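Q: Pasting a structure here, questions to come.
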Amino acid sequence: MSTFDVAIIGGGLIGVSSALELAAHNLRVVVLDRQQPGRESSWAAAGMLAPGTDMPEGDVLVPLARESFALYPEFVAAIEQASGQSSSFELEGTLEIFVAPSAETARNKFVAERHRSGLKAEPITAESARRMEPALGAAAEVAAWVPEEGIVDPRSLMDAALAAARNRGVESRSDCRVESVQLERGRCTGVVAGGNKISASHVVVTAGCFSAGIDGGIAQYAPTKPVRGQMVSLRHRDTRLTRTLRSENGYVVPRRDGRIMAGSTLEDAGFEKNVTPAGLLRILAAAVELVPSLAAAEILETWSGLRPGTPDHLPILGPTDIEGLVIATGHYRNGILLAPVTAKLVREWITTGRASLNVEAFSPLRFQRAGAESTHAAHKAAQL
């Protein structure tokens, strides 16, 4: 039987980043992945680093996202130094594009909401936006300049993080699906994977949309579900972008080598990880509206990923009421952005037993509390 200080279930960027933090504190860590590490939602992401939110319930997430964004330069530098590999990290900002009807009203509302959240955003004309990105199309009526955003190549970052983890002594096991966590006298003592027991003083669940399927009561703490997102990679020899262009219909994200990532869909399709004509048409229509020259671009690749959704669209972060069991999953559309702060929090919970940030809103115990409140309300109503 293998024995570790920490067993991490899930080898995406959240899991591997957490392993790196823990290994830096001289803990023996194993990362267990159901397939090849880093080939699920982390591999499928566009790589936008945007600490704002477009969800009403997401306001509570902004402080955590801002903290993680502030950590990113140091986070990337540490991974690149430990691995000797580049992650194509850029801090070039984003142009938010608004088209008719009501473009100016929508733009002004967007800027006001960003300011209310403590984020920078500047209303600019479409002409100013085209001076920044000449490929921007005529459909753009007005724009907002969002300077405090960036991009990273998730695949390059994932490969670099895995190499850094190996170099720091983290053990990684692929094709190692965890069937269950092991509980003894109210404490988590390890996991069972492939019928074999792996003993660990702490277990961290970072398994994304697969978290709820782990036996041992994980679903009560991490009721995750898959949310499919389709993506397209394009290349046009005469079209180069410096920064992300984004509208309510979609976005395009540049890579250093000239590729342009276009996305994305939000689909309740279960665990079906495929692309569809309807999804690709929506993505390509939005991309061409933003950058008309992409109508003649070469399609290099199409793919889809399964984001880990949660009932309230917020991440699930923190210790459970089972000693030794920590949850760090459900990051939905923000897994790449939130990797640095999540890794920091996981390390704090395991090494000190407390977090330096107020993250009560993301506790895995909130679903039990909500269920108890619902039951109490129903019981009270029945008595009336």
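The values are calculated or read from the model by the stated rules, or taken from the named source; none is laboratory data. Source: prediction; values computed, not measured. So basically every Cβ, Gly included, is an ideal-geometry build from the backbone, and we count neighbours across all protein chains shown.
Q: Which residue out of G47, G58, G118, G52 is on the phi > 0 side of the Ramachandran plot and either among the basic types (K, R) or not assigned by TED's automatic domain parsing to the domain that holds R256 (or both)?
A: Values: G58 fails: on the phi > 0 side of the Ramachandran plot; G118 fails: either among the basic types (K, R) or not assigned by TED's automatic domain parsing to the domain that holds R256 (or both); G52 fails: on the phi > 0 side of the Ramachandran plot.
Checking each option against the conditions leaves just G47.
Q: If the requirement is being within 27 Å of A106 (Cα to Cα) and part of a loop (DSSP other than H, G, I, E, B), which of these qualifies: T239, T265? If you could, list the steps in order and put the result at the bottom.
A: Working: T239 fails: within 27 Å of A106 (Cα to Cα).
Being within 27 Å of A106 (Cα to Cα) and part of a loop (DSSP other than H, G, I, E, B) holds for just one of T239, T265, which is T265.
Q: Still on this structure, please answer the following. If we keep just the residues of the range 323-356 that are more than 21 Å from the chain's Cα centre (by Cα) and buried (at least 18 other Cβ atoms within 10 Å of the Cβ), which is nearest to P223 (Cα to Cα)?
A: Applying the filter and picking the extreme gives L325.
Q: Return a yes/no flag: does the range 20-32 have any residue that is at pLDDT 95 or above and closer than 27 Å to Q230 by Cβ. Spell out how you get there, then give the answer.
A: So the first thing to find is which residues in the range 20-32 are at pLDDT 95 or above, and the list is 20-32.
Now narrow it down to the ones that are closer than 27 Å to Q230 by Cβ: none.
No, the conditions are met nowhere in the range 20-32.
Rundown of residues vs (1) closer than 22 Å to G150 by Cβ; (2) without any contact (Cβ under 8 Å) to a residue 12 or more places away in the chain; (3) under 22 Å from the mean Cα position of the chain (by Cα), yes/no style:
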{"position": "G11", "(1), (2), (3)": "no, no, yes"}
{"position": "A19", "(1), (2), (3)": "no, no, yes"}
{"position": "L22", "(1), (2), (3)": "no, no, yes"}
{"position": "L27", "(1), (2), (3)": "no, no, no"}
{"position": "L32", "(1), (2), (3)": "no, no, yes"}
{"position": "S68", "(1), (2), (3)": "yes, no, yes"}
{"position": "S88", "(1), (2), (3)": "yes, no, yes"}
{"position": "T94", "(1), (2), (3)": "yes, no, yes"}
{"position": "P101", "(1), (2), (3)": "no, yes, no"}
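Q: If you don't mind, there's one more thing I want to ask. May I ask you to list the residues in the range 206-252 that are under 30 Å from G324 (Cβ atoms), surrounded by fewer than 24 Cβ atoms within 10 Å (Cβ to Cβ) and small (G, A, S)?
A: Of everything in the range 206-252, those that are under 30 Å from G324 (Cβ atoms), surrounded by fewer than 24 Cβ atoms within 10 Å (Cβ to Cβ) and small (G, A, S) turn out to be A212, G213, G216, G217, A219.
Q: Quick check on my filter: what residues within the range 24-56 are among the polar types (S, T, N, Q), over 27 Å from N167 (Cα atoms) and not in a loop (DSSP other than H, G, I, E, B)? Break it down stepwise before answering.
A: Our first condition is that a residue be among the polar types (S, T, N, Q); within the range 24-56, this holds for 26, 35-36, 41-42, 53.
When the remaining residues are screened for being over 27 Å from N167 (Cα atoms), the result is 53.
Those that are among the polar types (S, T, N, Q), over 27 Å from N167 (Cα atoms) and not in a loop (DSSP other than H, G, I, E, B): none in the range 24-56.
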